[in-house]
1. Among the candidates K368, K353, single out the residue that is touching a residue at least 24 places away in the same chain (Cβ under 8 Å), in contact with a Ser or Thr (Cβ under 8 Å, 6 or more places away or on another chain) and among the charged types (D, E, K, R).
2. Scan region 281-291 and give yes if some residue there is out of contact with any Gly (no Cβ under 8 Å at 6 or more places or on another chain), of a type outside the set (G, A, S), closer than 20 Å to V216 by Cα and open to solvent by less than 40 Å² (accessible area, probe 1.4 Å), otherwise no.
3. N411 versus (1) assigned to a helix (DSSP H, G or I); (2) open to solvent by 60 Å² or more (accessible area, probe 1.4 Å); (3) in contact (Cβ under 8 Å) with a residue 12 or more places away in the chain: which is the lone unmet condition?
4. Which one is farthest from G242 (Cα to Cα) among residues in region 299-339 that are of a type in the set (D, E) and open to solvent by 50 Å² or more (accessible area, probe 1.4 Å)?
5. Do we have any residue at all in region 342-356 that's over 19 Å from D157 (Cα atoms) and part of a helix (DSSP H, G or I)?
6. Residues of region 173-218 being closer than 28 Å to Q241 by Cβ and β-branched (V, I, T), which ones?
7. Take the residues of region 384-415 that are closer than 14 Å to K368 by Cβ and charged (D, E, K, R): which is farthest from the chain's Cα centre (by Cα)?
Amino acid sequence: MEWIRSLDVGLIVFAVLGLGFIYLMIAALKRQRQRRIGSDDTEDTPKLDEAKPKDKLGKAAARKAAKAEKVAARRKAAADKRAAAKAKAAPDSDIPEEAPDDLSVAELPTDQEEERMQQGLAKTRGGFISKLGKLFKGKQIGENLLDEIEEVLFTADIGVQTANQLIDGLRKKLNKSELKDPEAIWSHLRSCCETMVSSVTADPLTYRSKNGMPFVLLVIGVNGVGKTTTIGKLASRMKAQGLKVMLIAGDTFRAAAVDQLKIWGDRTETPVVTGNDGADPTSVMVDGLKQAKAEGYDLVIADTAGRLHTKADLMDELEKIGRGISKQVDGAPHETFLVLDSTTGQNAITQAKLFKEAMDITGIVLTKLDGTAKGGVLLGICNELKVPIRYVGIGEQVEDLRVFSSEAFTNALFEKRPD
């Protein structure tokens with residue numbers, strides 16, 4: 001019986017050792033597997049301590065930053081929605097456009113100026129001037145020539161009054177033989193047009209006021225004609241001439257107008273005085289002029305609202321602005337430029353008449369002359385309004401806002417009689 005007890009003890013010891021060995025093997029296998037997984041994830045998976053904020057303060061800052069980003073995103077979405085609604089409700093408003101990167105102003109020699117003007121008037125020459133030329137080409141000049149010329153002029157965008165004046169001049173100043181001579185008719189039309197334009201030519205402006213006060217230029221016109229862009233280009237031109245220039249965003253009813261002016265201000269490094277949305281334009285201009293006087297500016301260019309629905313509103317607003325700025329600077333505004341879009345044709349003449357009744361217009365800027373066949377409207381503007389054309393836009397670049405020359409215009413328009 002003794003050997004049986006010895007066998008039982010041996011089995012128990014063997015079983016314990018076996019279980020211990022199995023346990024050790026399992027533990028070793030687990031450690032090996034953990035080391036393998038850890039080495040695979042080391043490069044891609046951050047450590048737990050690094051992934052989490054080190055303390056409660058870091059967690060709070062992270063939550064605050066995330067919340068701020070969400071609020072900013074919601075505000076931006078709301079602002080974009082409002083801007084889209086405004087653009088849809090006001091399709092004729094100025095679209096804020098990027099100012100060109102090159103803001104240098106190139107003054108060209110006279111011959112190159114005339115060449116640029118010829119290029120700018122290419123479409124207009126292809127309009128009523130080309131039609132007039134075709135009346136003389138390959139046909140016998142008959143009794144109905146004047147009637148055909150009259151039809152061409154009346155369908156052009158020079159205005160009824162100007163067309164009548166040209167026709168009456170042909171009938172009164174040319175004899176029967178001359179009325180059958182295409183060259184005589186062409187020369188007479190050119191001479192009459194040149195007289196219309198040159199009769200309202202004014203001396204160049206220096207944009208310098210007396211007594212140390214700034215020169216105040218008021219710019220008016222309906223929305224969409226290129227008014228704000230014209231202001232930016234004028235600022236660039238005047239700064240190139242060494243003047244200290246300030247801009248005033250007087251169109252406080254449209255955020256787009258203020259934003260567009262700010263773009264030009266940033267590009268030309270010109271300060272822009274603004275007010276809150278819907279602020280009184282006169283008060284904004286008064287504040288701007290006070291600053292201009294205190295800081296010694298040479299020239300102040302003031303924008304105005306372009307959407308006034310009735311003539312009474314227009315006159316009241318412009319008269320109020322005139323009274324307000326004249327109290328700050330004696331004689332202000334020293335010049336008032338009306339900006340017109342030449343692509344609107346005879347409608348530009350109608351706009352000019354309305355503004356002239358409301359304000360003493362001293363000069364006109366005619367934009368987009370290169371993009372239309374209706375450039376002949378310039379003749380009607382000069383003839384009917386008796387207001388000088390100060391600048392014409394014949395391209396997109398800053399230097400394409402050209403100082404107007406009646407001689408260059410006439411030469412470009414009647415460059416040669418079309419064959």
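1. Numbers: K353 fails: in contact with a Ser or Thr (Cβ under 8 Å, 6 or more places away or on another chain).
K368 is the lone residue from the list that is touching a residue at least 24 places away in the same chain (Cβ under 8 Å), in contact with a Ser or Thr (Cβ under 8 Å, 6 or more places away or on another chain) and among the charged types (D, E, K, R).
2. Initially, region 281-291 is screened for residues out of contact with any Gly (no Cβ under 8 Å at 6 or more places or on another chain), giving 288-291.
From the residues that got through so far, the ones that are of a type outside the set (G, A, S) too are 289-291.
Filter once more, so that each one left must be closer than 20 Å to V216 by Cα: 289-291.
Next, from what is left, pick out any that are open to solvent by less than 40 Å² (accessible area, probe 1.4 Å): 289.
Within region 281-291 (the criterion being out of contact with any Gly (no Cβ under 8 Å at 6 or more places or on another chain), of a type outside the set (G, A, S), closer than 20 Å to V216 by Cα and open to solvent by less than 40 Å² (accessible area, probe 1.4 Å)), the answer is yes, since at least one residue qualifies.
3. (2)
4. From region 299-339, those of a type in the set (D, E) are 303, 313, 316-317, 319, 330, 335; that's our starting set.
Filter once more, keeping what is open to solvent by 50 Å² or more (accessible area, probe 1.4 Å): 313, 316, 319, 330.
Values: D313: 38, D316: 36, E319: 32, D330: 23 Å.
Here the residue is D313.
5. yes
6. Answer for region 173-218, where residues must be closer than 28 Å to Q241 by Cβ and β-branched (V, I, T): V197, V200, T201, T206, V216.
7. R402
The rows are residues; the columns are (1) in contact with a His (Cβ under 9 Å, 6 or more places away or on another chain); (2) open to solvent by less than 10 Å² (accessible area, probe 1.4 Å); (3) assigned to a loop (DSSP other than H, G, I, E, B); (4) modelled with pLDDT of 85 or more.
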{"position": "K176", "(1), (2), (3), (4)": "no, no, yes, no"}
{"position": "I185", "(1), (2), (3), (4)": "no, yes, no, yes"}
{"position": "L189", "(1), (2), (3), (4)": "no, yes, no, yes"}
{"position": "V197", "(1), (2), (3), (4)": "no, yes, no, yes"}
{"position": "V200", "(1), (2), (3), (4)": "no, no, yes, yes"}
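The values are calculated or read from the model by the stated rules, or taken from the named source; none is laboratory data. Small disclaimer: the values here were computed from a predicted structure and weren't measured. Because the Cβ atoms are built from the backbone with ideal geometry, glycine has one as well, and the counts that use them run over all protein chains shown. Please note that ligands, DNA and RNA were not included when accessible areas were found on the heavy atoms of the full protein model with its side chains. Shrake-Rupley method; radii C 1.70, N 1.55, O 1.52, S 1.80 Å.
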